[in-house]
Each structure stands twice: as C-alpha cells, then as structure tokens.
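Peer 1: What follows is a single structure, and I will ask about it in a moment.
The values are calculated or read from the model by the stated rules, or taken from the named source; none is laboratory data. No experiment lies behind these values; they were computed from the predicted model shown. Note that we place each Cβ from the backbone using ideal geometry, even for glycine, and neighbour counts take in every protein chain shown. For the accessible areas, the whole protein counts, side chains as well, though only heavy atoms, and no ligand, DNA or RNA atoms are used. Shrake-Rupley method; radii C 1.70, N 1.55, O 1.52, S 1.80 Å.
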Amino acid sequence: MLFTDCRTADDVRECIRLVRAEMPGSGGIHGCGMRRDCGYLYGGSADWVKRMEDIVIAVMIEKKGAVENLEEILSVEGLDMVQFGPADYSISIGKPGERGCPEVQKAHADMIELALKKGVAPRVEVVSFEQARPFWDIGVRHFCIGWD
C-alpha cells in the first residue's frame, strides 16, 4: 500500500492504522472486506488478518514537511518502504517543475541514504535498467521501472 501526502510521523502512523485489522493489540481500525489488496480472501478470516499484517506499507516522501521530518518518519514501527516524489517536492519548496535541480536531487539522495541507514527500504523510480545501476550500487533493491 503506497500512501501519498504524508508530512509527519503521525501521518504515517495513521496510514498504518488504516491498513491493520482491528484486532486486539494491532492498533488497526481496518474492517473486513473482500478487496484486491488481500487477494479477495473473505474479510475477517485469519488469512485476511495475516495479509493485513504482512502487507508492505510504503509512503511517498514528497512534501517539504516529510523531508524535514524524515528521521522521525523512518522510525515509525510498521513502515516498510519509502519513495521520493521529486515533482511534488519541487512544488512544496517553491520550485515547481525543477525536479532535477540540485536541492531536489540532494533531498532524494539524503532520503535514500537515511532510509538505508534506518533499515527502511527505499524504492526508486527509473525509466530503464541502466538508470537503476547507480542506485543498485549504493544498496537500493526496489525499483519502479517505467510508468505503465
């Protein structure tokens, strides 16, 4: 489950709470239902609950606030993955359309470095396998290749 528009650790905690089944000890509020995200298992079954616990929770780091609060966000229990959003980030810092500018690229590199250090998997969008190589070389193992 990939969530957008998070700015704080509390935002991320809320995303996780929305996914986890409403069971004692889970902290979740997700009610049962048959959905694609859980393989259309009957909602409420033990298998469904396990899928809600095992699902990968990812958040976009795409807002100025998320970058400013990155260390705290990466410390949230249950967060599995982060992905940088250069277009939205460039807008949120007052540089719309400048996704390749040094400030945006530095925020992306810093996010990857800190995520790897904190044990949260960074995911990187690339348009080709060749473009993935430098990220692979620094330890990134999750990629979105293309947009189709």
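Peer 1: Hey, what D do you get for the chain in µm²/s if you plug the Kirkwood alpha-carbon radius into Stokes-Einstein at 10 °C and 1.306 mPa s?
Peer 2: For the chosen part, D equals 97 µm²/s.
Peer 1: Any idea of residue 76's accessible area? Nearest 10 Å², probe 1.4 Å.
Peer 2: Surface open to solvent at residue 76 totals about 10 Å².
Peer 1: Next question, about the same structure. For region 46-147, which whole percent of the accessible surface, found with a 1.4 angstrom probe, sits on carbon and sulfur atoms?
Peer 2: Answer for region 46-147 is 52 percent, counting heavy atoms of protein chains only.
Peer 1: Give the long-range amide H neighbours of residue 82: residues separated by 5 or more places, or on another chain, with amide H under 5 Å away, using H modelled in the peptide plane at 1.01 Å from N.
Peer 2: 59, 121, 123
Peer 1: Give the ranking of 67, 126 by solvent-accessible surface, highest area first, calculated with a 1.4 Å probe.
Peer 2: 67, 126
Peer 1: Please tell me the relative contact order of the chain in percent, rounded to the nearest whole number, where contacts are Cα pairs under 8 Å and at least six residues apart.
Peer 2: 19
Peer 1: Suppose each label sits 7 Å from its Cα in the direction of the beta carbon; what would the residue 117-residue 75 distance come out to in nanometres?
Peer 2: Modelled inter-label distance: 1.3 nm.
Peer 1: Say R0 is 30 Å: what FRET efficiency, to the nearest 0.05, do residue 53 and residue 93 get from their beta-carbon distance?
Peer 2: E(calc), rounded to 0.05, equals 0.25.
Peer 1: Normalise the Cα radius of gyration of region 47-97 by 2.2 N^0.38 Å (N = residues in it) and let me know the number.
Peer 2: 1.42
Peer 1: Also: Might you tell me the accessible area per residue for the chain, computed with a 1.4 Å probe and given in Å²?
Peer 2: Per-residue value: 58 Å².
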